[in-house]
Amino acid sequence: MKKALIGKKIGMTQYLHEDGTVVPVTVCELGPCIVVQKKGAQKDGYAALKLGFSEVKELRLSKAIRSDLKKKGLKPLRHFREVDLFDDSLDVGSVVTCSIFAENDMVDVTGVSKGKGFAGVVKRYGFHGGGETHGSTFHRAPGSIGACAFPSEVWRGQGMPGRLGNMTVTVKNLKIVKILEDKNIVLISGAVPGRKNSLITVRGR
Amino acid sequence: MDIMREVEQRIMPVKRKLNFTIGDTVRVHYRIVEGNRERIQVFEGIVIASDNKGLSKTFTVRKLSFDVGVERIFPLYSTRIAKIEVVRKGKSRRAKLYYLRERKGKSAKLREKGPKAEKHSVSAADAPGEHAGDAESAGEGAPSGSDQQNES
């Protein structure tokens, strides 16, 4: 069962190791998360935890969420995500902090990537495009998509222009470089999907 | 951004302040690791720029090595820097001294700061003043000359 936490991306900086090597890191605020619901095999068909994150004014929530949290005696929370039931001792109301992770742990980070709008095939699929000068008339167009006699159809998966970004993306195998437990701050090496202050889910491997 | 600044303060490996300004000549003692051995290399030159990027703050040192300009960018908060010595205080009115790249010899030098340097700068300031005076008088002379010509 993968340990997991939800939090938000704060920004990027560099981490300077003692030996002088420099690593790019993303500063993430992870937790404290509150267990809102514990799903079990009997009732729901599978085991899972529903975590809540980030306190909010009560009036900002819909009545359904507000009354659900009130019934369980929890504070009003803004964000919710379902994760694996990684610790059976957790129950509704228990608090999960970034102390579940350790430095040098490898994690997967899920978030919603930055929206790029309607993008061409060069940006969206890495097509090479054509020459810009020297008489070339083929610049950034997709080119042939199905030829003539063969295959005389457009194959499935053919890259075409369209919306890029603003999708749920998971970046796998990132290392936790540093944890500042009192601030709920975790430094993760490399880049993490999404803009600043966007919601992310971090899962252990 | 305040959280970012606090985090950067917390993870800073060495608390170091810029004890020099742009235009100073410094000696950077830089640790070089070769396998298990560690030795210190000294890089001496003029600080021509500094980039303020929080924890990633860097400064650029330029020196002439066998008449070839060599520039090196050092991360200020790196543990690899053993020591930074200031050899000479340079007088500069700019934050980026990229114009030194196009200069050679004496014109690539900066005047020294401090009481001793002030004397230098006074004498140096006198010289252009004289020139300026000459130019003015010449300028006065020329129009008057041309007027005379027009009259005649």
For segment B:1-27, pairs from a residue that is facing chain A (nearest Cβ under 10 Å) and on the phi < 0 side of the Ramachandran plot to a residue that is part of a loop (DSSP other than H, G, I, E, B) and among the polar types (S, T, N, Q), with Cβ under 7 Å and 6 or more apart or across chains, are B:P13/B:T79; B:V14/B:T79
**Request:** Assess whether A:V27 counts as being among the aliphatic types (A, V, I, L, M), away from every other protein chain (no Cβ under 14 Å), under 18 Å from A:L199 (Cβ atoms) and open to solvent by less than 60 Å² (accessible area, probe 1.4 Å).
**Result:** no
Check your understanding: Does at least one position in segment A:171-187 carry a residue that is touching a strand residue (DSSP E or B) at 6+ places or on another chain (Cβ under 7 Å), open to solvent by less than 60 Å² (accessible area, probe 1.4 Å) and farther than 30 Å from B:R5 by Cα?
Key -> no
Going through (1) more than 15 Å from the chain's Cα centre (by Cα); (2) open to solvent by 80 Å² or more (accessible area, probe 1.4 Å) one by one, B:S65 fails only at (2)
The condition from (1) at pLDDT 90 or above; (2) open to solvent by less than 40 Å² (accessible area, probe 1.4 Å); (3) in contact with a Leu (Cβ under 7 Å, 6 or more places away or on another chain) that A:E55 misses is numbered (2)
Quick check: anything in segment A:34-51 under 22 Å from A:I176 (Cα atoms), within 14 Å of chain B (Cβ to nearest Cβ) and of a type in the set (A, V, I, L, M, F, W, C)? no
Within segment B:70-96, residues being more than 29 Å from B:E6 (Cα to Cα) and open to solvent by 40 Å² or more (accessible area, probe 1.4 Å) number 9
Considering segment A:150-170, residues that are touching a residue at least 24 places away in the same chain (Cβ under 8 Å) and open to solvent by less than 80 Å² (accessible area, probe 1.4 Å), and then whichever is nearest to A:G126 (Cα to Cα), we arrive at A:G159
Exactly one of B:S65, B:S50, B:S107, B:S78 is of a type in the set (G, A, S) and within 14 Å of chain A (Cβ to nearest Cβ), and that residue is B:S78
If you go through A:M106, A:M12, the only one that is closer than 30 Å to B:Q9 by Cα, within 14 Å of another protein chain (Cβ to nearest Cβ) and at pLDDT 90 or above is A:M12
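I need the strands (runs of 3 or more DSSP E) fully contained in segment A:113-205, keeping only those with at least 2 residues that are within 14 Å of chain B (Cβ to nearest Cβ).
Numbers: elements: A:117-119, A:162-164, A:168-180, A:185-189, A:199-204.
Those strands (runs of 3 or more DSSP E) span A:168-180, A:185-189.
The values are calculated or read from the model by the stated rules, or taken from the named source; none is laboratory data. It should be emphasised that the depicted structure is a prediction, and the values quoted were computed from it without experimental measurement. Every residue, glycine as well, gets a Cβ built from its backbone with ideal geometry; the counts of neighbours run over all protein chains shown. Just so you know, the surface numbers come from the protein's heavy atoms only, side chains and all, with ligands and any DNA or RNA stripped out. Shrake-Rupley method; radii C 1.70, N 1.55, O 1.52, S 1.80 Å.
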